[in-house]
Each structure stands twice: as C-alpha cells, then as structure tokens.
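Engineer: Before we start, here is the structure in question, set down as structure tokens.
The values are calculated or read from the model by the stated rules, or taken from the named source; none is laboratory data. This one's a predicted model, so the numbers in the text were calculated from it and none came from an experiment. Cβ atoms come from the backbone with ideal geometry, glycine included; neighbour counts cover every protein chain shown. Ligands, DNA and RNA are excluded from the accessible area calculation, which covers all protein heavy atoms including side chains. Shrake-Rupley method; radii C 1.70, N 1.55, O 1.52, S 1.80 Å.
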Amino acid sequence: MIKRKISIVFHIGNGKTGTTFLQQHAPKAKYTYFVGKSTETRFNDPEIDQIHYRIFPSYRGENISSYPNPTRDSHELVTRYANAIAEIAKNNIEARTIIVSDECIGDYYNYLGELNTFLAIAIGNSASKLLSEITCVNKVLSITCRNQVDIIKSFIGYSWTMSRNIPVDKLVKRLLSDPSYSYAGSLFYAKR
C-alpha cells in the first residue's frame, strides 16, 4: 500500500511581511487545508482556535517585566494540538498541505518567539508520529522575510505608542543596540 504524502506547514512569522496576504489567499489553494488565522485573532478550526492561544500566549513587550515567568509544562497542549492536526489530516483526504499560519508564533516582541518555535516543531513532530501509519509527513517551518529597513519603518508605524515616547532615530538605535532582544530579535533571519 502506497502511503499518502502530506505536508504540515507552520508559518511562524514574521509580522509585517505580507502574512495577511498569505492568510487571505492560502485557503484558496488546491489540495490545501488552511488552519491559520482567517481574521485578526480567530482560526478556521474551532479545536485549534481553542488550543492555539493557550500554547502561544501573548506578552506585551513593553510590560513583560510585570508578568510572572511564563514557562510551563506544555506537553498536554502540544499533544492536543497535534491530535487536532492529525484529525484534520485524516478527515480531509483531498488535502496535500495543512497550513497553520500565525505570524505571532515567531515574534520576539509580544510573544516568546524562540520557545514558540520549539513548540511548533514539537507539535509537527507529534502530529507526524500520529499520522505515520497512513501518511508520509513533510514538516515545514515557514518564516516570511522583508527588507529590514522597511520592516523597521512598518514596525514603528504600527507601534505608534512607542514612537510617540522616543524620537524615531533613538528608537531605531535602541532596537538595534541588542539584536537578540525584543523586536530586533526577529530582524536577523539568518541567525534565527
């Protein structure tokens, strides 16, 4: 018996790189089941929607020091997420690709990008194991990129409260003074 082939794509970022365009047009692709965001905060699949923001919570970058340590044992959430993806794959036999798209997963400003990337990999590995009897799974981690100057400009325009408090030239210097921290952590794609 020839096993069905399927790709599981986690599109994890970055914000301001055309992700809304991807999220609007990916559901139209043939042989694709799109799980990702279809509105600002909702996912197309209710099970994924219920789990997603519990496993990938937002932490406002400007307030992160006021939050308790966010690390936890994520095994149960990873397992539930992987089971939901496996069920989607089993129930949609026409689908050759399943796309989970949320540019915030890899965000270093309001989210825990590095930890979330690890969790996305763990979900993909678990879903792959669950489907191994019936499919050959190709796991893909997708990161969209944009020219750094343009993305900084877009970020400053998007985060207008930040640029109102600090002159833009000083804000850019501050962002780039530590390229592994906060928003700048997501600018250097090759290092990630």
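Engineer: Which members of the range 94-117 meet the condition of being among the hydroxyl-bearing types (Ser, Thr, Tyr) and either closer than 19 Å to residue 14 by Cα or open to solvent by less than 30 Å² (accessible area, probe 1.4 Å) (or both)?
Structural biologist: Residues satisfying the conditions are 101, 108, 109, 111, 117.
Engineer: Please name all residue pairs, on different chains or six or more residues apart, with Cβ atoms under 9 Å, provided the first residue is in the range 119-136 and is over 13 Å from residue 89 (Cβ atoms) and the second residue is open to solvent by 60 Å² or more (accessible area, probe 1.4 Å) and in a helix (DSSP H, G or I).
Structural biologist: 122/75
Quick grid of which residues meet (1) at pLDDT 85 or above; (2) touching an Asp or Glu at 6+ places or on another chain (Cβ under 7 Å); (3) assigned to a loop (DSSP other than H, G, I, E, B):
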site: 5; (1), (2), (3): yes, no, no
site: 21; (1), (2), (3): yes, no, no
site: 65; (1), (2), (3): no, no, no
site: 70; (1), (2), (3): no, no, yes
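Engineer: Among the residues of the range 84-113, which ones are out of contact with any Leu (no Cβ under 7 Å at 6 or more places or on another chain), in a helix (DSSP H, G or I) and in contact (Cβ under 8 Å) with a residue 24 or more places away in the chain?
Structural biologist: Answer for the range 84-113, where residues must be out of contact with any Leu (no Cβ under 7 Å at 6 or more places or on another chain), in a helix (DSSP H, G or I) and in contact (Cβ under 8 Å) with a residue 24 or more places away in the chain: 84, 85, 87, 88, 90, 113.
Engineer: Show the residue pairs meeting these rules: Cβ distance below 8 Å; 6+ apart or different chains; first residue within the range 37-57 and on the phi < 0 side of the Ramachandran plot; second residue open to solvent by 70 Å² or more (accessible area, probe 1.4 Å) and of a type in the set (Lys, Arg).
Structural biologist: Sorted first by the residue in the range 37-57, then by its partner, the pairs are 49/42.
Engineer: Oh, and also: Search the range 146-158 for residues that are under 16 Å from residue 110 (Cα atoms) and outside any helix (DSSP H, G or I) and pair each with any residue that is open to solvent by less than 50 Å² (accessible area, probe 1.4 Å) and modelled with pLDDT under 75 when their beta-carbon atoms are under 6 Å apart and the residues are at least 6 apart or on different chains.
Structural biologist: That search, which allows pairs on different chains as well, returns nothing.
Engineer: Is at least one residue of the range 118-131 at pLDDT below 90, open to solvent by 40 Å² or more (accessible area, probe 1.4 Å), more than 26 Å from residue 2 (Cβ to Cβ) and not in a strand (DSSP E or B)?
Structural biologist: no
Engineer: What number of residues within the range 80-92 satisfy the criterion of being surrounded by fewer than 20 Cβ atoms within 10 Å (Cβ to Cβ) and under 16 Å from residue 34 (Cβ atoms)?
Structural biologist: Total meeting the criteria: 3.
Engineer: Can you tell me how many residues in the range 3-37 are touching a helix residue (DSSP H, G or I) at 6+ places or on another chain (Cβ under 8 Å) and either under 24 Å from residue 137 (Cβ atoms) or among the aliphatic types (A, V, I, L, M) (or both)?
Structural biologist: Residues flagged as touching a helix residue (DSSP H, G or I) at 6+ places or on another chain (Cβ under 8 Å) and either under 24 Å from residue 137 (Cβ atoms) or among the aliphatic types (A, V, I, L, M) (or both) within the range 3-37 amount to 12.
Engineer: Continuing with the same structure: Which residue out of 168, 137 is open to solvent by 30 Å² or more (accessible area, probe 1.4 Å), touching a helix residue (DSSP H, G or I) at 6+ places or on another chain (Cβ under 9 Å) and at pLDDT 75 or above?
Structural biologist: Step by step, each of 168, 137 is checked, and only 137 is open to solvent by 30 Å² or more (accessible area, probe 1.4 Å), touching a helix residue (DSSP H, G or I) at 6+ places or on another chain (Cβ under 9 Å) and at pLDDT 75 or above.
Engineer: Follow-up. Search the range 23-36 for residues being assigned to a loop (DSSP other than H, G, I, E, B) and touching a residue at least 12 places away in the same chain (Cβ under 8 Å), and hand back the single one that is farthest from residue 107 (Cα to Cα). Step through it out loud before you land on a result.
Structural biologist: Quick first cut of the range 23-36, residues assigned to a loop (DSSP other than H, G, I, E, B) only: 29-31, 35-36.
Still in the list and also touching a residue at least 12 places away in the same chain (Cβ under 8 Å): 29, 31, 35-36.
Details: 29: 26, 31: 29, 35: 19, 36: 16 Å.
The extreme case among them is 31.
Engineer: So which residues in the range 39-62 are at pLDDT below 80 and open to solvent by 70 Å² or more (accessible area, probe 1.4 Å)?
Structural biologist: 39, 40, 41, 60, 62, listed by residue number.
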